[in-house]
Amino acid sequence: MRRHLVSGIALATLAFLYLPMLAVGIYSVNRAKYGMVWQGFTLDWYSKLLQNQDIMEAARNTLFLAVVSTLIATVLGTMLAIALERYPWGKRAQNFFSTVLYLPVVTPDIILAASLVVGFSLVRAAFSGFELGMPSMIIGHVTFQVAFVTLVVQGRMKVFSRDLEEAARDLYASNADVLRRVLLPLLAPGIVSGAMLAFTLSLDDFVISFFTAGPTSTTLPLFIYASVRRGVTPEIHALSTLVFLVTVILVLFAERLSRRKSQ
Amino acid sequence: MKNVLVWYGELTSAGSLRRRGMVFLLPALLWLLGFLVLPGLVLIVVSFAERGTYGDIVWNFSPENYKRALGFGLFGWSPDYLLILWRSVLVAGVTSLCSVLLAYPLAFFIATRPERTRYLWLTLVIIPFWTNLVIRTYAWFLLLAPESPFVKLLAALHLVTPGDALYPSAFAVYLGMVSAFLPFVVLPLYSSVERLNWNLVEAAQDLYAHPVRVFMQGILPQTLPGLTVGVILTFIPAMGMFVVPDLLGGAKYLLVGNLIQQQFGASRDWPFAAAIALGLMLLTLVALRIYRTRATEVDLV
């Protein structure tokens, strides 16, 4: 009896999480332009979407931002994880590193965004050529992504022992060889899941982008936000549904990856 | 030769080891110092500055902004900003509480599924976790609009006036907040529930403990690490949240996040915005300490 109650609440909670998205999906294929009365199935809004230059531009910006920031964050984060796990640092240095590392994880993103805006504006006052736009967005995204990549790769490093690296050393492998032939291949799954995490974080981000974007670097979340404030259209529903589907695919892919890793 | 040491099979010296470590450490550390720590320090300095006539920053240092945030304005004391702060804490608290109440059944439900389907259920929680918040928030418009079946049902029950939308309202903000943060509680909580020692729970049940007592003494202590992480991951970002109240709350339901954004945007009072942001940061640092002592036993998916 109690078990049924728990299951009932759990399923209702899941429905609560998915109902809004389901509604968006339904209205994205509804023929009605205004109002919410069902007027039959159509894919017109999706084809209109592909012809909308602003949306395509925003999609390109989003993807570019996510790819570039993820690449930078993955390299920096992986290096940091190796530094923290494989080299001896004093206790106080370790504490300092982990504080700096956890700071962007728990700080509300609006604070991070606020400090970046103020920082950037001072840079702009000093060098007149610097304007907010794609570079400042990339900097903002990398700054919160690095910590997540580092934490994921560190987690992976804690799983396997250093025996293989020691064995490689015994067989006269150089530093570069140990890194390239032993450590990096062992870390690869961790690096990939860290990168995927960073990529999704970048696609998801609204606040940092909102504060650091320039006039020509609108991303999809920014575009959706601006359109929603003007009034929702079926095109926006179609766009949101597509973004949601991409998220689902990314999550499923990441899940498969992490399950293979743990087997 | 006293510096020579063997470091995991490698004959090296402390100096060379540290140099090599620095190569790996420095790029990321400099990045974080330059774009995280330094702007943070700048924010502290700016928070003591003054707003110029045209929204620029005038470098006259005084604690004026902090006084203003506490309500001491030009025209005597008024609780406006304190009210916003209190409302943010309240919304964050209620959001955390509701999320926890809903998260327990869900975490137990997933943990008691057969091994094969458990990942599937877990994925169902992870997907909203990663779905863009702007989309998930505006999606509530559709369910809260006057034409939606849900609102029509409420109207038929005379709970709302027919033809009224349920947003913007405090209720809509809570709905949006709970649905935004629920996965943040469920996921860490699940990782605690998964390794729960059921013997203790069964023992309590065998001894005819009241269900409340079974929960308080058998389940709660065991799931406390996950619960703490979940609450912190909810409470802190919820206080700084600005998308949900902005879209679902309307102008009357401002939270600290909206206040900061407003000062950056329309009001262009950056020093004041900096002071409020730092007030929020102070609370975050307190939470970080708690997090660091508790989070060691929990892994986030």
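I'd like the full set of residues that are small (Gly, Ala, Ser) and crowded, with 16+ Cβ neighbours inside 10 Å, limited to the stretch A:99-132.
A:113, A:114, A:115, A:119, A:121 - these are the residues of the stretch A:99-132 that are small (Gly, Ala, Ser) and crowded, with 16+ Cβ neighbours inside 10 Å.
Residues that are more than 30 Å from residue A:257 (Cα to Cα): list the helices (runs of 4 or more DSSP H) wholly contained in the stretch B:108-167 that include at least 1 such residues.
B:133-144, B:149-156
Scan (1) more than 12 Å from chain A (Cβ to nearest Cβ); (2) out of contact with any helix residue (DSSP H, G or I) (no Cβ under 8 Å at 6 or more places or on another chain); (3) at pLDDT 85 or above for the single condition residue B:266 breaks and write down its number.
All conditions are met except number (3).
Specify which of the listed residues (B:203, B:165) is open to solvent by less than 90 Å² (accessible area, probe 1.4 Å) and touching a Leu at 6+ places or on another chain (Cβ under 7 Å).
B:165
Would the stretch B:126-149 turn up any residue that is touching a residue at least 40 places away in the same chain (Cβ under 8 Å), under 30 Å from residue A:252 (Cβ atoms), among the charged types (D, E, K, R) and crowded, with 21+ Cβ neighbours inside 10 Å?
yes
Being within 26 Å of residue B:281 (Cα to Cα) and touching a Leu at 6+ places or on another chain (Cβ under 6 Å) is true for just one of B:62, B:99. Which residue is that?
B:99
Show me the helices (runs of 4 or more DSSP H) found entirely inside the stretch B:1-100 where at least 3 residues are open to solvent by less than 50 Å² (accessible area, probe 1.4 Å).
It comes to B:14-32, B:38-47.
Please find, within the stretch B:1-14, the residue that is nearest to the other protein chains (Cβ to nearest Cβ) out of those that are of a type in the set (Val, Ile, Thr) and in contact with a helix residue (DSSP H, G or I) (Cβ under 9 Å, 6 or more places away or on another chain).
B:12
Of (1) within 11 Å of chain A (Cβ to nearest Cβ); (2) among the polar types (S, T, N, Q); (3) closer than 30 Å to residue A:121 by Cβ, residue B:65 satisfies all except one. Which?
(1)
List pairs: first in the stretch B:106-118 and aliphatic (A, V, I, L, M), second assigned to a loop (DSSP other than H, G, I, E, B) and surrounded by 10 or more Cβ atoms within 10 Å (Cβ to Cβ), Cβ under 8 Å, 6+ apart or cross-chain?
B:111/B:196
Condition test on residue B:170, is it more than 20 Å from residue A:224 (Cβ to Cβ) and either among the hydrophobic types (A, V, I, L, M, F, W, C) or out of contact with any helix residue (DSSP H, G or I) (no Cβ under 7 Å at 6 or more places or on another chain) (or both)?
Answer is yes for this residue.
In the stretch A:1-36, which residues are open to solvent by 40 Å² or more (accessible area, probe 1.4 Å), part of a loop (DSSP other than H, G, I, E, B) and at the interface with chain B (Cβ under 7 Å from one of its Cβ atoms)?
A:35 - this is the single residue of the stretch A:1-36 that is open to solvent by 40 Å² or more (accessible area, probe 1.4 Å), part of a loop (DSSP other than H, G, I, E, B) and at the interface with chain B (Cβ under 7 Å from one of its Cβ atoms).
Residues in the stretch A:37-61 that are over 14 Å from residue A:241 (Cα atoms), among the hydrophobic types (A, V, I, L, M, F, W, C) and surrounded by fewer than 16 Cβ atoms within 10 Å (Cβ to Cβ): how many?
So the count comes out to 4.
Would you point out the residue of the stretch B:15-49, among those that are at the interface with another protein chain (Cβ under 8 Å from one of its Cβ atoms) and in contact with a strand residue (DSSP E or B) (Cβ under 7 Å, 6 or more places away or on another chain), that is farthest from residue A:116 (Cα to Cα)?
Among them, the one singled out is B:17.
For the stretch A:169-189, indicate whether the set of residues that are out of contact with any strand residue (DSSP E or B) (no Cβ under 7 Å at 6 or more places or on another chain), in contact (Cβ under 8 Å) with a residue 40 or more places away in the chain, more than 8 Å from every other protein chain (Cβ to nearest Cβ) and farther than 21 Å from residue B:9 by Cα is non-empty.
Yes - at least one qualifying residue is present in the stretch A:169-189.
Between residues in the stretch B:58-72 that are free of Cβ contacts under 8 Å to residues at least 12 places away in the same chain and residues that are of a type in the set (Lys, Arg), which pairs lie under 8 Å by C-beta distance while being six or more apart or on different chains?
Once the first residue is free of Cβ contacts under 8 Å to residues at least 12 places away in the same chain and sits in the stretch B:58-72, its partners that are of a type in the set (Lys, Arg) give B:58/B:51.
From A:228, A:248, A:243, grab the single residue that is open to solvent by less than 20 Å² (accessible area, probe 1.4 Å) and within 7 Å of chain B (Cβ to nearest Cβ).
A:228
Taking the stretch A:61-108, which residues are in contact (Cβ under 8 Å) with a residue 24 or more places away in the chain and within 7 Å of chain B (Cβ to nearest Cβ)?
Result: A:76, A:77, A:80, A:82, A:102, A:103, A:104.
Within the stretch A:27-58, restricting attention to residues that are without any contact (Cβ under 8 Å) to a residue 12 or more places away in the chain and of a type in the set (Ser, Thr, Tyr), which residue is farthest from residue B:141 (Cα to Cα)?
Looking at residues that are without any contact (Cβ under 8 Å) to a residue 12 or more places away in the chain and of a type in the set (Ser, Thr, Tyr), I get A:47.
Between a residue in the stretch A:122-146 that is more than 12 Å from chain B (Cβ to nearest Cβ) and free of Cβ contacts under 8 Å to residues at least 24 places away in the same chain and any residue that is part of a helix (DSSP H, G or I) and acidic (Asp, Glu), which pairs come within a Cβ distance under 6 Å, given they are 6 or more apart or on different chains?
Filtered contacts from the stretch A:122-146: no entries.
Does the stretch A:205-219 include one or more residues that are facing another protein chain (nearest Cβ under 10 Å), modelled with pLDDT of 85 or more, under 18 Å from residue A:147 (Cβ atoms) and open to solvent by less than 40 Å² (accessible area, probe 1.4 Å)?
Taking every residue of the stretch A:205-219 in turn, at least one turns out to be facing another protein chain (nearest Cβ under 10 Å), modelled with pLDDT of 85 or more, under 18 Å from residue A:147 (Cβ atoms) and open to solvent by less than 40 Å² (accessible area, probe 1.4 Å).
Just name the residue that is nearest to the chain's Cα centre (by Cα) out of those in the stretch A:62-80 that are farther than 17 Å from residue A:245 by Cα and open to solvent by 50 Å² or more (accessible area, probe 1.4 Å).
Looking at the filtered set, the residue picked out is A:67.
The values are calculated or read from the model by the stated rules, or taken from the named source; none is laboratory data. All values reported here derive from a predicted model rather than from experimental measurement. Note: ideal-geometry Cβ built from the backbone for every residue, glycine included; neighbour counts use all protein chains shown. Quick note on the areas: whole protein, heavy atoms, side chains included, nothing else; ligands and nucleic acids left out. Shrake-Rupley method; radii C 1.70, N 1.55, O 1.52, S 1.80 Å.
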